[in-house]
1. Suppose a student asked you for the relative contact order of the chain, using Cα pairs under 8 Å spaced at least 6 residues apart; what percent would you report?
2. Using helices alone, what [θ] at 222 nm do you get for the chain, with -39,500 (n - 2.57) per DSSP H run of 4 or more residues, divided over all residues and rounded to the nearest 500?
3. Which of the GluC sites (Glu not before Pro) found in the stretch 44-124 are loop residues per DSSP with 15 or fewer other Cβ atoms within 10 Å of their Cβ?
4. Net charge around Q173, counting only other residues with Cβ within less than 10 Å of its Cβ (Lys, Arg = +1; Asp, Glu = -1)?
5. Report the local net charge at I42: Lys and Arg +1, Asp and Glu -1, summed over other residues whose C-beta lies under 12 Å from its C-beta.
6. How much FRET efficiency would the formula 1/(1 + (r/R0)^6) give for V158 and S106, where r is the Cβ-Cβ distance and R0 is 25 Å, rounded to 0.05?
7. Note down the nm distance, to one decimal, between modelled labels 7 Å out along Cα→Cβ at Y203 and at T82.
8. Among [x] 19; [y] 36; [z] 30, which one is percent of Cα pairs over 30 Å apart computed from these coordinates?
Amino acid sequence: NFDEITPYPNGLPTGWIIANNGVGLNQSWRLTNQAPPYVNGIQAMLVNLEEIGQGNTSQDFLITNLVTVPEDGQLRFQTHQTVPGNQGTIYEVRYSTNIANQSDISQYQLLESWTEPEMNAVYDAWEEKVVDLTPTATAGQQIYIAFVRVHTQTTVGVGGDRWVLDDVNVTSQCFNPQNLEAEDIASTSATLVWEHEGSAINYQIELVEANVSQTGSFTDE
């Protein structure tokens, strides 16, 4: 979550780097502690907008250290913007399997991209994004992950929006159970059955009356 990273504002997590395509060199990813830039804690990562010249396209990369993809791997992160309306920024998550050259941005392939309206339903409210890693990386594979702000300046003045990033996490996907059924229903008992796509062997079960919210008090099975 970037809270312990120093020095401010140019510190990075251990093994992370920043890179770019050579356009718009006055701004790059950096720490921010200006409210409200973070979900929890005191710091987040920010890449600012800048004047790059009409018709030019900037690509600002924030690249993680080498990540070992877990089983059913997924990337989760919190994101928000700072400017209302669609300013034409594209937000991308890319990955590279070229573990010998972290900084070679030509090796990074697209995982997912969002326009400004797609990234945040409310531009300046934090929203969690989840990216499935399984189509591109197998369990145990090592990859670099890049957060890339892309903007083509269409006017003579500064355009685009900022990208604020926090709470980055690579973890195993928790699959929802499917085809929930109750069988052999008696006056005081029933058999509950379901199907599960993942590798879980233990479950937590909570029984509540219909239309009653879950309480968080469950039974381990």
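1. Normalised by residue count, the contact order of the chain is 24 percent.
2. On the way: 1 runs with 4 residues, N = 221.
So the helix-based figure for the chain works out to -500 deg cm²/dmol.
3. On the way: sites: E50, E51, E71, E92, E112, E118; in loops: E50, E51, E71.
Passing sites in the stretch 44-124 are E51, E71.
4. Values: positive: R76; negative: E71, D72, D132, E197.
Around Q173, the surrounding residues sum to -3.
5. Working: positive: none; negative: D3, E4, D166.
Taking every Cβ under 12 Å from that of I42, the sum is -3.
6. The calculated FRET efficiency here is 0.35.
7. Rounded to a tenth, the inter-label distance reads 4.7 nm.
8. [y]
The values are calculated or read from the model by the stated rules, or taken from the named source; none is laboratory data. This one's a predicted model, so the numbers in the text were calculated from it and none came from an experiment. Every residue, glycine among them, receives a Cβ derived from its backbone with ideal geometry; neighbour counts consider all protein chains shown. These area figures cover heavy atoms from the full protein model, side chains too; ligands, DNA and RNA do not enter into them. Shrake-Rupley method; radii C 1.70, N 1.55, O 1.52, S 1.80 Å.
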